[in-house]
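Report on the following structure.
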Amino acid sequence: MKYLKIAGCIFAASLTFSCQEKIEKKQETVETEKVIDFNYNVTEFADIGVLRYQIPGWEELTLKQQKLVYYLTQAGLSGRDITWDQNYRNNLVIRKGLESIYTNYKGDKTTEEWQQFETYLKRIWFANGIHHHYSMDKMKPEFSKEFLVTLLRDQSLIMPSEAVDVMFNDKDSKKVVLDKDKDIVLESAVNFYEPGITTEEAIAFYKSLPVNKETPVEIGLNSRLIRKDGKLMSDVYKSGGLYGAAIDQIIHYLKLAQGVAETEQQEKALGLLIEYYQTGDLEKWDEYSIAWSTSTEGAVDWINGFIEVYNDPIAYKGSYETIVQIKDFEMSRQMNVLSENAQWFEDNSTLMQEHKKPKVTGVSYKTVNVAGEAGDASPATPIGVNLPNNTWIRSVHGSKSVSLGNIIGAYGNAGGSGRLDEFAHDEKEIELEKKYGAKADKLHTALHEVVGHASGQINPGVGTPKETLGSYKSTIEEGRADLFGLYYLMDPKLEELGLVDDWKNYGMAAYDGYIRNGMLSQLIRLELGQDVEEAHMRNRQWVSAWVYEKGKEDNVIEKVVKDGKTYYDIKDYDKLRELFGQLLKETQRITSEGDFKAGQALVENYGVKVDQDIHKEVLERNSKFKAPAYRGFVNPVIVPTMDGDSISGFSIEQPKSFEEQMLMYSKNYGHLD
């Protein structure tokens, strides 16, 4: 799961946080050393900032290891168009039409409508489609439909009328709908289900499929649900199947990567991944996931496949994504202490005894440096990853949890926004954040991933959270992992383990930041009047709102209004920790017992609706800050040096512009019609 993309970026039990949520905290204050003579900032447009990142450790790799990285990044980019098509059925034809206009237009590029056209194209490049990467709302152009039709006609281009119309009308207005009062499959624009299929039909179809109760595969993960001759069936992503042209290119580069694998276990894992792409067999995916999870040697690692289910309203379908990474051995050694003590955290948690794992297996946490990303992980990226997602594999064989060190560093070096002074209650809160906040965030991320997602067990006979909690599964799992981390951020055990030197102040800074974000600052991502729908935003709000309400009698968190501005001031950090522990216990109970009604009530009562007066106030207070609300990255380009037909070396080149990279990707990796 993605833990934060620096939230959004929270780690997901698979890849997850929602990285963007922690970004705002990082924008408040960052304690990192500036890297001299490297320009991290590429461009800004709309609500987006695009950055660059470096690849520390590249020069320390052997030529063979560099080849492995290169082939893995090429494999990842080869599937890029899959993400576009998964996100919405008209995305590819829209992108290709707009890119053709952009590259061939000879008219006046200073007009307002042309500038609006360029901004719109950049926005959909960043989002991998016409729906916002975070809010999921359709992004409508500011230029007119007539202007687009004129541009198409002038260049003798043909774009299907549905694709032209949908950019401007209200159809397919949200990629992922989570409103409990709507048919979330039928009304979601995401392309995992053929139009016309309902939520009831989809869930009934997957529940009718046979599954091994002990080792269940992730049903529906790598397929689109379609209707053929009146019956529902799976259109599987595989060689010779759906997305076959792109998958064949992925396979080609994976075979080359297998030939330069560092270890036998890597070679085995890559072979199984190739077989999975060839067959679409989900049991083969599990075999690969086990081999990958237990492949812990070597300097190079990767994530590749249909993984995160956040874009599916009922959490079956995996979005295509890849990350290629180089280990940062020194930072990883420092964090291994959490992995080594995972059982202590489990045993001393507030979970009911029957919900605690008797043995926490194989949790590993490493800091890595990204060498390339593609699909759902780019341009907007997580800052951490925890995989695999299959619960039984994690329980039996363990998982890998990584922090993307150079991505986090790039966010920090790109500069802050000053929102801390605006939304913090007092000077003490600001002082704690500046001194302890950055490291407290890193610790929360590590605790979230290493002990949070790895903790707890489901009662015998209870289905998986996807089956029992439905559309609430993702936000409850992320909140559960958040709570595990929050509970232990105020524990002297962290100092005993040598992770901090002042555990109380680190914990206070972490609690201040979490409540400040969950109750106030994350609202800058929503338009006035919107409900909270993104899973990580929801979990931060329901966690914060629940502890605020339950602590009112003891004035644990005080709502303060001064000079017309609202603040949330923590008065009793110890009691707040107790409340986090109580909510952790209840959230694990909901997960362990599959209590849908309690999970629904928790999310709907605390995590969805927004106080409109406070929301309006937050937006007004935020309006003075110019830093973009969202950030993502272009990728360094790994360029091979050829000696005849052989690769003799590589150079790393930074793209000059966002536009240059996006057009290059479309040209070189546009494998789907």
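The values are calculated or read from the model by the stated rules, or taken from the named source; none is laboratory data. Since the structure is predicted, the reported quantities are computational estimates derived from the model, not experimental observations. As a convention, Cβ positions derive from the backbone with ideal geometry for all residues, glycine included, and neighbour counts pool all protein chains shown. All accessible areas refer to the heavy atoms of the entire protein, side chains included, with ligands and DNA or RNA removed. Shrake-Rupley method; radii C 1.70, N 1.55, O 1.52, S 1.80 Å.
Below are the figures for this structure:
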read-out: Residues being at negative phi and open to solvent by 60 Å² or more (accessible area, probe 1.4 Å) - total across the range 210-230; value: 6
read-out: Test: residue in the range 388-397 that is without any contact (Cβ under 8 Å) to a residue 12 or more places away in the chain and of a type outside the set (Phe, Trp, Tyr); value: no
read-out: Filter result for the condition that a residue is surrounded by 13 or more Cβ atoms within 10 Å (Cβ to Cβ), basic (Lys, Arg), at pLDDT 95 or above and within 23 Å of Gln86 (Cβ to Cβ), over Lys175, Lys171, Lys145; value: Lys175
read-out: Boolean, Ala189 is small (Gly, Ala, Ser), closer than 30 Å to Leu63 by Cβ and in contact with a helix residue (DSSP H, G or I) (Cβ under 9 Å, 6 or more places away or on another chain); value: no
read-out: Asp37 open to solvent by 40 Å² or more (accessible area, probe 1.4 Å), modelled with pLDDT under 95 and not hydroxyl-bearing (Ser, Thr, Tyr); value: yes
read-out: Unique match (being touching a Lys or Arg at 6+ places or on another chain (Cβ under 9 Å) and on the phi > 0 side of the Ramachandran plot) among Gly470, Gly456, Gly398; value: Gly456
read-out: Qualifying positions in the range 194-209 - open to solvent by less than 60 Å² (accessible area, probe 1.4 Å), among the hydroxyl-bearing types (Ser, Thr, Tyr) and closer than 24 Å to Thr391 by Cβ; value: Thr199, Tyr206
read-out: Single condition Ile323 does not satisfy, out of (1) part of a loop (DSSP other than H, G, I, E, B); (2) touching a Gly at 6+ places or on another chain (Cβ under 8 Å); value: (1)
read-out: Flag if Lys435 is out of contact with any strand residue (DSSP E or B) (no Cβ under 9 Å at 6 or more places or on another chain), farther than 30 Å from Glu283 by Cα and either modelled with pLDDT of 90 or more or open to solvent by less than 10 Å² (accessible area, probe 1.4 Å) (or both); value: yes
read-out: Neighbours by Cβ (under 7 Å, 6+ apart or cross-chain): first from the range 123-135, over 16 Å from Pro628 (Cβ atoms); second of a type in the set (Ser, Thr, Tyr); value: Asn128/Thr83; Gly129/Tyr88; Ile130/Tyr88; His131/Tyr88
read-out: Of all residues in the range 526-576 being assigned to a helix (DSSP H, G or I) and in contact with an Asp or Glu (Cβ under 8 Å, 6 or more places away or on another chain), the one that is farthest from Pro382 (Cα to Cα); value: Lys575
read-out: Some residue of the range 511-519 being open to solvent by 10 Å² or more (accessible area, probe 1.4 Å), modelled with pLDDT under 90 and part of a helix (DSSP H, G or I); value: no
read-out: Test: residue in the range 605-623 that is touching a Lys or Arg at 6+ places or on another chain (Cβ under 6 Å), under 30 Å from Val561 (Cα atoms) and either surrounded by fewer than 17 Cβ atoms within 10 Å (Cβ to Cβ) or touching a residue at least 24 places away in the same chain (Cβ under 8 Å) (or both); value: yes
read-out: Output for the range 633-656, where each listed residue is open to solvent by less than 20 Å² (accessible area, probe 1.4 Å) and touching a helix residue (DSSP H, G or I) at 6+ places or on another chain (Cβ under 6 Å); value: Val634, Ile638, Pro655
read-out: Some residue of the range 611-633 being at pLDDT 95 or above, out of contact with any Ser or Thr (no Cβ under 8 Å at 6 or more places or on another chain) and among the β-branched types (Val, Ile, Thr); value: no
read-out: Of residues in the range 354-368 being open to solvent by 10 Å² or more (accessible area, probe 1.4 Å) and either acidic (Asp, Glu) or modelled with pLDDT of 90 or more (or both), the one farthest from Val451 (Cα to Cα); value: Glu354
read-out: Unmet criterion (only one of (1) under 24 Å from the mean Cα position of the chain (by Cα); (2) open to solvent by less than 10 Å² (accessible area, probe 1.4 Å); (3) under 28 Å from Lys571 (Cβ atoms); (4) touching a residue at least 60 places away in the same chain (Cβ under 8 Å)) for Glu449; value: (3)
read-out: Subset of the range 250-281 (residues that are among the aliphatic types (A, V, I, L, M) and under 21 Å from Leu61 (Cβ atoms)); value: Leu254, Leu256, Ala257, Val260, Ala261, Ala269, Leu270
read-out: Extreme residue, farthest from Ser135 (Cα to Cα), among residues of the range 101-121 that are out of contact with any Pro (no Cβ under 8 Å at 6 or more places or on another chain) and open to solvent by less than 30 Å² (accessible area, probe 1.4 Å); value: Ile101
read-out: Selected residue (only one of Asp554, Asp569, Asp595, Asp574 is modelled with pLDDT of 95 or more and in contact with a His (Cβ under 6 Å, 6 or more places away or on another chain)); value: Asp569
read-out: Scan of the range 340-387 for residues that are aliphatic (A, V, I, L, M) and within 17 Å of the chain's Cα centre (by Cα), ordered by number; value: Val368, Val370, Ala374, Ala377, Ala380, Ile383, Val385, Leu387
read-out: Residue within the range 640-652 that is more than 30 Å from Trp58 (Cβ to Cβ) and hydrophobic (A, V, I, L, M, F, W, C) present; value: no
read-out: Candidates Ser188, Ser161 - the one that is surrounded by fewer than 20 Cβ atoms within 10 Å (Cβ to Cβ) and among the hydroxyl-bearing types (Ser, Thr, Tyr); value: Ser161
read-out: Odd one out for Leu583, checked against (1) assigned to a helix (DSSP H, G or I); (2) of a type in the set (A, V, I, L, M); (3) without any contact (Cβ under 8 Å) to a residue 12 or more places away in the chain; value: (3)
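Matching residues to (1) open to solvent by less than 10 Å² (accessible area, probe 1.4 Å); (2) modelled with pLDDT of 95 or more; (3) touching an Asp or Glu at 6+ places or on another chain (Cβ under 6 Å):
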site: Lys466; (1), (2), (3): no, no, no
site: Gly479; (1), (2), (3): yes, yes, no
site: Leu483; (1), (2), (3): yes, yes, no
site: Leu486; (1), (2), (3): yes, yes, no
site: Leu489; (1), (2), (3): yes, yes, no
site: Pro492; (1), (2), (3): no, yes, no
site: Gly498; (1), (2), (3): no, no, no
site: Tyr506; (1), (2), (3): no, yes, no
site: Ala509; (1), (2), (3): yes, yes, yes
